[in-house]
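So the structure is just underneath, and the comments pick up after that.
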Amino acid sequence: VYVNAHEFAHQWFGDLVTSVSPEAHWIHEGFATFFHHYWLGEFFGKDEYYKQLDIYRSASFAASKKNIRPISHSGAGSARHYFKASIVIEMLRQDLGEDAFRTTLTEFLKRYAHKTVSSEDFLRTVYDVTGKPMNWFWDQWVYRGGEPMVRAELTKKWGKSYLILEQTQP
């Protein structure tokens with residue numbers, strides 16, 4: 001079921017549109033993985049959906065112990081091209097909202113059907129459809145490697161608890 005769902009998703013991402021270069025490989029593998037786990041969540045329930053996201057997160061973090069290449073790097077490896085890219089797509093869906101995300105995908109597939117695509121092509125389509133400049137998102141999640149490193153501190157003052165989060169990497 002897992003493999004079939006992934007390969008079926010390739011009918012759109014990978015067969016209808018595919019990457020122009022190894023740096024854009026994340027697009028067709030990331031979307032195939034995203035849609036395969038999205039379908040699993042619809043079929044098996046949200047617990048399975050979140051279980052898969054946790055597996056993908058763990059694989060991405062493990063890959064970062066070897067190197068911190070971004071998903072747009074030709075040598076990023078399977079954990080990033082498949083799993084981290086899928087998580088990045090999920091974050092984009094959350095940021096844009098379901099309707100804007102679906103409209104963007106529809107436009108992207110129409111615009112680039114039977115063509116090769118780059119990361120910039122997808123970024124441009126997001127902007128053209130939503131009017132939201134997502135360069136900051138691409139810079140953080142597509143073009144930059146690693147994951148956010150956060151230091152957490154719990155303090156109590158005047159009978160209240162405060163959680164302080166500090167991003168520690170540049």
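Hey, of (1) 17.0; (2) 16.4; (3) 19.7, which did the structure itself give for Kirkwood radius over Cα pairs in Å when calculated? Read-out taken from this structure: (1). Magnitude of the charge dipole for the stretch 29-121, about its Cα centre and with charges confined to Cβ atoms of Lys, Arg (+1) and Asp, Glu (-1), is about 440 debye. For the stretch 18-74, just say rounded, prolate or oblate: build the C-alpha gyration tensor, square-root its eigenvalues into a ≥ b ≥ c, call rounded for a/c under 1.5, and beyond that prolate if a/b exceeds b/c, oblate if not. Note, shape of the stretch 18-74 comes out oblate.
Here the spin labels are modelled as points 7 Å beyond Cα on the Cα-Cβ line, and at S74 and K160 they lie 5.4 nm apart. Place a point 7 Å from Cα of T116 in the direction of its Cβ. Which residues in the stretch 4-24 have their backbone N less than 13 Å from it? Label zone hits: 18-24. Just so you know, the Rg over Rh for the stretch 33-113 is 1.01, from Cα atoms, with Rh as the Kirkwood radius. Structure remark: mean-square fluctuation, Gaussian network model of the chain, C-alpha springs under 10 Å; the largest value among V150, V126, V88 belongs to V150.
Mean sequence separation of contacting Cα pairs (under 8 Å, at least six apart), scaled by the length of the chain, corresponds to a relative contact order of 24 percent. Could you tell me which of the pairs K46/K84; K46/K160; K84/K110; K110/K132; K84/K115 are separated by over 27 angstrom between their Cα atoms in the structure shown? Long pairs (Cα-Cα over 27 Å): K46/K160.
Bear in mind that the values in this text are calculations on the coordinates, not laboratory data. Every value quoted in this text rests on a predicted model; they were computed, and no experiment measured them. Cβ coordinates were reconstructed from backbone atoms using ideal geometry, including for glycine residues, and neighbour counts include every protein chain displayed.
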